[in-house]
Amino acid sequence: MTALVVLPGRTLVAGSARGDALVCTAAISGWGGVDPRRGVITEVTHPQRGEAFADRILVIPGAKGSSGWSGQFHLTRTMGTAPRAIVTSKVNSKLAVGLVALGVPAILVDGLSAFPADAPLEVELPGDGTVAVRGA
């Protein structure tokens, strides 16, 4: 990993994390959209269906669906399949409650263009209101 981009953001849940990214090109539905036992996206129409977010930095444009988002992602926490952190460009009530239940570092950034979905990325949230992106 060579290139480094540092983006300013707004801390949603304090903390720091580092890891490989799963970059999603669409919002995730919590209820029926993930398998908390495996930490995998299962939503039938989701572009990243079958991809694992467990132990990775989950980069998402937002959350959709019902209030089940927080319940499903809380289950990932209790089952040991949660993402290490979340980077998002949009916060709604589903995601906000889910982040509290999930309890991992989270940051809001203006856009996700620095996170190409087709390239391996390493993301670091140092806990200072920024996110560092390293790509190939």
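Yes/no per residue for (1) touching a Pro at 6+ places or on another chain (Cβ under 7 Å); (2) aliphatic (A, V, I, L, M); (3) within 20 Å of V40 (Cβ to Cβ); (4) part of a strand (DSSP E or B):
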position: A82; (1), (2), (3), (4): no, yes, yes, no
position: I86; (1), (2), (3), (4): no, yes, yes, yes
position: L95; (1), (2), (3), (4): no, yes, yes, no
position: V100; (1), (2), (3), (4): no, yes, no, no
position: D110; (1), (2), (3), (4): no, no, no, no
position: D118; (1), (2), (3), (4): no, no, yes, no
position: V123; (1), (2), (3), (4): no, yes, yes, yes
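Is it the case, given these coordinates, that G127 is assigned to a loop (DSSP other than H, G, I, E, B), within 14 Å of G9 (Cβ to Cβ) and either in contact with a Pro (Cβ under 9 Å, 6 or more places away or on another chain) or in contact (Cβ under 8 Å) with a residue 24 or more places away in the chain (or both)? Please lay out each step first, then the result.
On the way: assigned to a loop (DSSP other than H, G, I, E, B): yes; within 14 Å of G9 (Cβ to Cβ): yes; either in contact with a Pro (Cβ under 9 Å, 6 or more places away or on another chain) or in contact (Cβ under 8 Å) with a residue 24 or more places away in the chain (or both): yes.
So G127 fits the description; yes.
Name the single residue that is surrounded by the fewest Cβ atoms within 10 Å (Cβ to Cβ) among those in the stretch 107-125 being farther than 26 Å from N92 by Cβ and not small (G, A, S).
Restricting attention to the stretch 107-125, the residues satisfying the condition of being farther than 26 Å from N92 by Cβ are 118-120, 122.
Going one step further and asking which of them are not small (G, A, S), we end up with 118, 120, 122.
On the way: D118: 6, P120: 11, E122: 16.
If we take residues in the stretch 107-125 being farther than 26 Å from N92 by Cβ and not small (G, A, S), then D118 is surrounded by the fewest Cβ atoms within 10 Å (Cβ to Cβ).
Determine whether the stretch 37-58 contains at least one residue that is over 26 Å from A114 (Cα atoms) and not β-branched (V, I, T). Can you show your working first?
Just the residues of the stretch 37-58 that are over 26 Å from A114 (Cα atoms), to begin with: 37-38, 44.
Right, trim to not β-branched (V, I, T) and you get 37-38.
Yes, that holds for at least one residue.
Which pairs do you get when a residue that is within 19 Å of E122 (Cα to Cα), found in the stretch 3-17, comes within reach of a residue that is surrounded by 12 or more Cβ atoms within 10 Å (Cβ to Cβ) and basic (K, R), reach meaning Cβ atoms under 9 angstrom, with the pair 6+ apart or on two chains?
Pairs that qualify, where the first residue is within 19 Å of E122 (Cα to Cα) and the partner is surrounded by 12 or more Cβ atoms within 10 Å (Cβ to Cβ) and basic (K, R), are A3/R134; L4/R134; V5/R134; A17/R84.
Counting residues that are among the aliphatic types (A, V, I, L, M), surrounded by fewer than 20 Cβ atoms within 10 Å (Cβ to Cβ) and out of contact with any Pro (no Cβ under 7 Å at 6 or more places or on another chain), which strands (runs of 3 or more DSSP E) fully inside the stretch 1-80 reach at least 3?
Details: elements: 3-8, 10-13, 17-23, 57-60.
Result: 3-8.
Can you tell me which residues in the stretch 82-95 are modelled with pLDDT under 90 and either under 13 Å from the mean Cα position of the chain (by Cα) or of a type in the set (S, T, Y) (or both)?
Taking the stretch 82-95 and keeping what is modelled with pLDDT under 90, we get 92-95.
S93, L95, listed by residue number.
Condition (residue is of a type in the set (K, R) and within 14 Å of L125 (Cα to Cα)) applied to the stretch 31-41: is it met by at least one residue? Write out each step before concluding.
As a first pass, look at the stretch 31-41 and keep what is of a type in the set (K, R): 37-38.
Okay, now just the ones that are also within 14 Å of L125 (Cα to Cα), so none.
Scanning the stretch 31-41 turns up no residue that is of a type in the set (K, R) and within 14 Å of L125 (Cα to Cα).
Could you tell me whether any residue of the stretch 100-108 is touching a strand residue (DSSP E or B) at 6+ places or on another chain (Cβ under 9 Å), at pLDDT below 90 and small (G, A, S)?
The answer is no; no qualifying residue exists.
The values are calculated or read from the model by the stated rules, or taken from the named source; none is laboratory data. Values in this document were obtained by computation on a predicted structure and should not be read as measured data. All Cβ positions, even for glycine, are placed from backbone atoms using ideal geometry, and neighbour counts span all protein chains on display.
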